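Colleague: Before I ask anything, let me first share the structure, which is written out below as structure tokens.
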Amino acid sequence: MSDKKECFEINVIGHKTFQYVKNGSLLDNLEQQKIEVHYHCREGFCGACRTKLVRGEVEYNTDPLAYFDDDEILPCCCVPTSDIEIKVT
Amino acid sequence: MKYTTFSQTNNDHLAEPMFFGNPVNVARYDQQKHVIFEKLIEKQISFFWRPEEVDVSKDRLDFQALTDSEKHIFISNLKYQTLLDSIQGRSPNIAFLPIISLPELETWVETWSFFETIHSRSYTHILRNLFTNPGEIFDDIVVNDEIKRRAGDISKYYDDLIFLTQLWQTQGEGKHVVGGIEYTVTTRELKKKLYLCMNSVNALEAIRFYVSFACTFAFAERELMEGNSKIIRLIARDENIHLTSTQHILNLWAKGKDDPEMAEIAEELKDEATAIFMQAVEQEKQWASYLFDQGSMIGLNKEILCQYVEYIANHRMSAIGLGQPFEVTSNPLPWMNNYLNSDNVQVAPQESEISSYLVGQIDAEVSADDLGDFEL
């Protein structure tokens, strides 16, 4: 994981915008904000948490095995590396 | 094309499609066309477990205390899962191996099927503990109409592909009459059968297990049948990885990243693929009705189970580009997620902290910063 100093903002379209807290995955952060995201494995192999990334960049701390599209991310095993905008379904 | 167990054609396997290219010759994994299958093999093997590792002895007492309608729910689900894994323990091998052209995909299918056989053996482990004579339960699987109806729908696509492949391998392309019926064998027709079969398998792995999983975990929420629940969690974790593989195959085809003809077929048969999925959803809802026809169980009823099937179907259909046909937007059974989380899966003591242990895996990267607050 990169050790960046900046604070990144996470904008969840239709929900709210909040600051990313550095410990934990993006999914952990969404859960802390009480935003419901479907999940199963939390290890990147099932794809249940597949989410649209509208803007920004993320990086993976576990090699994601599940299938997801080019404009999608797996919040269970990634962290933002810039401000991001996502759409949860 | 006649099948050979070791093709002596000196082909570049990196240039082969997943299916219907040259048969695989050397089982080599130093280079891969689709590296994802090699990664799935490693992940799946790291999940290895044995049914005997899970103590199910307390379940016998729990089972005896269940109401008759709850017993019906529990046993019917085990029968249905036994059917599903009976099919999945053999069919991917028989249907796909003869037509696969990539070593990593061939080994993935073998690994996948092998794990389904572990699941099958675990049902015997569970039933042997509950009944002095589990034979009656197994005997009913081939006579129970509700189960037979589902078996027919699932095995049909496999059987069609297997039969046409056999004709192709023994007689080649062309028109062949077998048992008074004329069959047209072309590569295109074979690929269509393969595409439909893969969609049927994908729907099976995606939703067919989930009504039964939900009932199992609903018992576990009441601290009942917990040994069984531990086994089903392990099975659910495996099924999730199997689903990932069929989603990759379907998307590799649809996005033209493998065989260009399969991309055309995916487009051409999109409605049929959707119908296969919708039919599976419908059958699962009917299964929920059958389960609850003798009375319900605490924490679960037919309506909520049907909503859960729709919710899961939305997710799984959108993953293969079939949209989200159902209106349900929030998870009607949120506690299910806890049981499907792989960190909550425990098997042997050596795995009590992390479920997927990879032997010999060492993080060899140590930076100076890691020793920053170390003083002599």
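Colleague: Just report the Cα centroid separation between region B:17-38 and region B:268-330, whole Å.
Modeller: What the calculation gives is 34 Å, centre to centre.
Colleague: Quick one: dipole size for region A:1-81, taken about the Cα centre, charges +1 on Lys/Arg Cβ and -1 on Asp/Glu Cβ, in debye to the nearest 20.
Modeller: That gives region A:1-81 a dipole magnitude of about 300 debye.
Colleague: Also, I was wondering about something else. Can you give the direction-averaged projected area of the convex hull of the alpha-carbon atoms in region B:55-194, in nm²? Don't jump to the answer; show the numbers that get you there.
Modeller: On the way: hull surface 44.1 nm².
Hull-based average projected area comes out at 11.0 nm².
Colleague: Same structure again: According to the Kirkwood expression over distinct Cα-Cα pairs, how big is the hydrodynamic radius of region B:7-62, in Å?
Modeller: 14.9
Colleague: Percent of Cα-Cα pairs more than 21 Å apart in region B:178-334, please. Write down the numbers at each step before the final one.
Modeller: Values: 6426 of 12246 pairs.
Counting every Cα pair in region B:178-334, those more than 21 Å apart make up 52 percent.
Colleague: If I take R0 = 35 Å and measure r between the Cβ atoms of B:ALA275 and A:ASP69 in this structure, what FRET efficiency does the formula 1/(1 + (r/R0)^6) give, to the nearest 0.05?
Modeller: 0.90
Colleague: Could you list B:ASP140, B:ASP68 in order of exposure, starting from the residue whose Cβ has the fewest other Cβ atoms within 10 Å?
Modeller: Lowest count first: B:ASP68, B:ASP140.
Colleague: Right, something else. Which one of B:SER212, B:ILE137, B:GLN64 has its Cα pushed farthest toward the positive end of the charge dipole of the protein assembly as shown, where Lys and Arg give +1 and Asp and Glu give -1 at the Cβ?
Modeller: The one lying farthest along the dipole's positive direction is B:ILE137.
Colleague: In chain B, with Lys and Arg counted as +1 and Asp and Glu as -1 at Cβ, which of these residues, B:TRP112, B:SER229, B:ILE100, has the Cα nearest the positive end of the dipole, that is, farthest along it?
Modeller: Sorting the options by dipole projection puts first B:ILE100.
Colleague: Additional query: Once the convex hull of the C-alpha atoms of region B:18-95 is built, how many Å³ does it hold per residue, rounded to a whole number?
Modeller: Per residue, the Cα convex hull of region B:18-95 comes to 146 Å³.
Colleague: Also, I was wondering about something else. What is the pair-distance distribution P(r) of chain B, computed from all Cα-Cα distances in 20 Å bins starting at 0, with each bin given as a whole percent?
Modeller: The percentages, shortest bin first, are 26, 54, 19, 1, 0.
Colleague: Let me ask another. Is there a simple number for the mean count of other chain Cβ atoms within 10 Å of the Cβ of residues in B:242-248, and what is it?
Modeller: That average works out to 4.
Colleague: If you rank B:VAL328, A:VAL54, A:VAL37 by fewest surrounding Cβ atoms within 10 Å, what's the result?
Modeller: Least to most surrounded, the residues fall as A:VAL54, B:VAL328, A:VAL37.
Colleague: Now, a different point. How big is the dipole moment of the protein assembly as shown about its Cα centre under a simple scheme where the beta carbon of each Lys and Arg is +1, that of each Asp and Glu is -1, and everything else is neutral? Debye, nearest 20, please. Can you show the working numbers first?
Modeller: Values: 43 positive and 73 negative charges, 244 e Å.
The calculation lands at about 1180 debye.
Colleague: Please report the relative contact order for chain B, taking Cα pairs under 8 Å with a sequence separation of at least 6, and give it as a percent rounded to a whole number.
Modeller: Rounded, it is 20 percent for chain B.
Colleague: So if I place +1 on the C-beta of Lys and Arg and -1 on the C-beta of Asp and Glu, and nothing else carries charge, what would the dipole magnitude of region B:1-88 be about its Cα centre? I want it in debye, nearest 20.
Modeller: 260
Colleague: Let me ask something else about it. Sorted from largest down, what three extents in whole angstroms do the Cα atoms of region B:111-189 have along their principal axes?
Modeller: Extents along the principal axes: 54, 31, 17 Å.
Colleague: Relative contact order of region B:300-341: what whole-number percent is it, with Cα pairs under 8 angstrom and at least 6 residues apart?
Modeller: Answer for region B:300-341 is 39 percent.
Colleague: Over 10 Å intervals from 0, what percent of Cα-Cα pairs in chain A sits in each interval?
Modeller: All Cα pairs considered, the percentages come to 19, 58, 23, 0.
Colleague: Another question about this same structure. Hey, any idea what Rg/Rh is for region B:250-337, computing Rh the Kirkwood way over Cα pairs?
Modeller: Rg/Rh for region B:250-337 comes to 1.10.
Colleague: OK, next. List the pair-distance distribution P(r) of the protein assembly as shown, using every Cα-Cα distance, as the percent of pairs falling in each 20 Å bin from 0 up to the bin containing the longest distance, rounded to whole percents.
Modeller: Going from the shortest bin to the longest, the percentages are 22, 54, 22, 1, 0.
Colleague: So for chain A, averaging the separation of alpha carbon pairs under 8 Å that are six or more residues apart and normalising by length, what relative contact order in percent results?
Modeller: 36
Colleague: GNM on chain B, C-alpha springs below 10 Å: top fluctuator among B:GLN31, B:GLN283, B:GLN324?
Modeller: Of the options given, B:GLN31 has the highest mean-square fluctuation.
Colleague: Now for a different question. Which of the listed residues, B:ILE126, B:THR274, B:GLN247, is farthest toward the dipole's positive end in chain B, when Lys, Arg count +1 and Asp, Glu count -1 at the beta-carbon?
Modeller: B:THR274
Colleague: In whole Å, what three semi-axes, largest first, describe the equivalent ellipsoid of region B:69-126 built from its Cα gyration tensor (square root of 5 times each eigenvalue)?
Modeller: That gives 29, 10, 7 Å for the three semi-axes.
Colleague: Under 10 Å, Cα contacts only: if you run a Gaussian network model on chain B, which one of B:LYS302, B:LYS175, B:LYS191 comes out with the highest mean-square fluctuation?
Modeller: With Cα springs under 10 Å in chain B, the top fluctuation among B:LYS302, B:LYS175, B:LYS191 is at B:LYS175.
Colleague: Fewest first, what order do B:CYS215, A:CYS76 take by the number of other Cβ atoms within 10 Å?
Modeller: Sorted ascending by nearby Cβ count, the order is B:CYS215, A:CYS76.
Colleague: In peptide B:337-343, what is the residue-averaged number of other protein chain Cβ atoms found within 10 Å of each Cβ?
Modeller: 5
Colleague: What area, in nm² and to one decimal, does the C-alpha convex hull of region B:196-261 cast on average over all directions?
Modeller: With every direction weighted equally, the projected area is 4.8 nm².
Since every read-out is calculated from the coordinates, none of them should be taken as a lab result. Only a predicted model underlies this, so the values are computations on that prediction, with no experimental measurement involved. For neighbour counting, all protein chains shown are included, and Cβ atoms are generated from backbone atoms with ideal geometry for every residue, glycine included.
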